[in-house]
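Trainee: Here it is, the structure, as structure tokens.
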Amino acid sequence: MSSGSSADAPTREAVEAMRGPLVLEFGTDWCGHCQAAQPAISEALRTRTDVTHLKIEDGKGRPLGRSFAVKLWPTLVVLQDGQEVARVVRPTGIADLASAFSALD
């Protein structure tokens, strides 16, 4: 998803069934940390056309975020074939994301 967070998050079971590289970005549109991280996230994903990127609206009562134990926003969970291979919490630059995305290589 390219703009805004989706309130219609997939289930944990659906995420685990997804094949290939996937980045789940948990946060909200109004979160200052989330907004500040967008340039770095966009840059990191720019060359990774093989990666599916889902922005997931998170908050109290959101089961997908709770199942991944998300505590701070943004949290990016990097998965390969439904299994978590890396995680980045509150990235401040491209270097924070590059090491996580290298887990997909």
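The values are calculated or read from the model by the stated rules, or taken from the named source; none is laboratory data. This is a predicted model, so every value here is computed, not measured. When we count neighbours, we look across all protein chains shown, and the Cβ atoms used for this are built from the backbone with ideal geometry, even at glycine.
Trainee: Can you tell me which residue among A44, A37 is assigned to a helix (DSSP H, G or I), modelled with pLDDT under 95, crowded, with 17+ Cβ neighbours inside 10 Å and of a type outside the set (S, T, Y)?
Mentor: Residue meeting the stated conditions: A44.
Trainee: List the residue pairs whose Cβ atoms are under 8 Å apart, where the first residue sits in region 52-71 and is over 14 Å from G27 (Cβ atoms), the second is aliphatic (A, V, I, L, M) and surrounded by 17 or more Cβ atoms within 10 Å (Cβ to Cβ), and the two are 6 or more positions apart or on different chains.
Mentor: Cβ pairs passing all conditions: T52/L22; T52/V23; P63/A9.
Trainee: In region 52-73, how many residues are touching a helix residue (DSSP H, G or I) at 6+ places or on another chain (Cβ under 6 Å) and in a loop (DSSP other than H, G, I, E, B)?
Mentor: Qualifying residue count for the region: 2.
Trainee: Report every pair of residues separated by at least 6 positions or lying on different chains whose Cβ atoms are under 6 Å apart, first residue within region 83-105 and farther than 23 Å from E13 by Cα, second among the charged types (D, E, K, R) and at pLDDT 90 or above.
Mentor: I94/E43
Trainee: Only one of E13, E84 is among the acidic types (D, E), at pLDDT 95 or above and outside any strand (DSSP E or B); which?
Mentor: E13
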